[in-house]
Every structure is written in structure tokens, then in C-alpha cells.
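Reading through the C-alpha cells given below for one structure.
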Amino acid sequence: MFPDESVQASIDLKAEVLFPIHWSKFDLSIHAWDEPIIRITKEAAKKNVNIATPMIGEVFELTNLPKNPWWEKLRN
């Protein structure tokens, strides 16, 4: 699914938290590695969807969701 479709799916499923996965792991497209997370966080904010954005490998609790835009510090 595209980022906007993932946000809509979380709304349709009445999810409490959207946790995007399978982005930036493999270089399989012509877009920038961080484009999916940028797009999904913007769409989630626009539609008031609760989203978790942990750093790759970060452990977290559902009671304390990571929302740090860590990918912004890695831009070239």
C-alpha cells in the first residue's frame, strides 16, 4: 500500500496506533529512502491518526509511543 492508503486502512480498522513497517530497509525504488515515512506522517497528522515512529530496532511500549522524526537528522 502507499502511505496514504496505509493511513486510511488504519482508520478503516479503527486502529489505536499506526505502526509503519517495511520502509527504508531495502533500496527497491527510485524515491528517496525516507519518502514513505515523510508521506505517512504528514497524512497521519492531517487525518489525526496516532502513529508510532521508532528508530529502526528501537524497543518501545504502547503506553509511550516514539514520535521522534529521527530520519530528518539523516538527510543529505
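The values are calculated or read from the model by the stated rules, or taken from the named source; none is laboratory data. None of the values given here were measured: they were computed from a predicted structure. Please note: Cβ atoms are built from the backbone with ideal geometry, for glycine as well, and neighbour counts cover all protein chains shown.
What tally of residues in region 47-76 results from selecting those that are β-branched (V, I, T) and assigned to a helix (DSSP H, G or I)?
0
Does region 18-46 hold any residues that are part of a loop (DSSP other than H, G, I, E, B) and either more than 18 Å from G57 (Cβ to Cβ) or aromatic (F, W, Y) (or both), and which are they?
As a first pass, look at region 18-46 and keep what is part of a loop (DSSP other than H, G, I, E, B): 19-34.
Those that are part of a loop (DSSP other than H, G, I, E, B) and either more than 18 Å from G57 (Cβ to Cβ) or aromatic (F, W, Y) (or both): F19, W23, F26, D27, L28, S29, I30, H31, A32, W33.
Name the residue that is modelled with the lowest pLDDT, counting only residues in region 1-32 that are touching a Lys or Arg at 6+ places or on another chain (Cβ under 9 Å) and hydrophobic (A, V, I, L, M, F, W, C).
Among those residues, the one meeting the criterion is A32.
Only one of these is surrounded by 10 or more Cβ atoms within 10 Å (Cβ to Cβ) and among the acidic types (D, E): E72, E61. Name it. Outline the logic, then answer.
Values: E61 fails: surrounded by 10 or more Cβ atoms within 10 Å (Cβ to Cβ).
Result: E72 is the single residue among E72, E61 that is surrounded by 10 or more Cβ atoms within 10 Å (Cβ to Cβ) and among the acidic types (D, E).
If you go through region 19-54 one residue at a time, how many are surrounded by 11 or more Cβ atoms within 10 Å (Cβ to Cβ) and in contact with a Phe, Trp or Tyr (Cβ under 9 Å, 6 or more places away or on another chain)?
Qualifying residue count for the region: 14.
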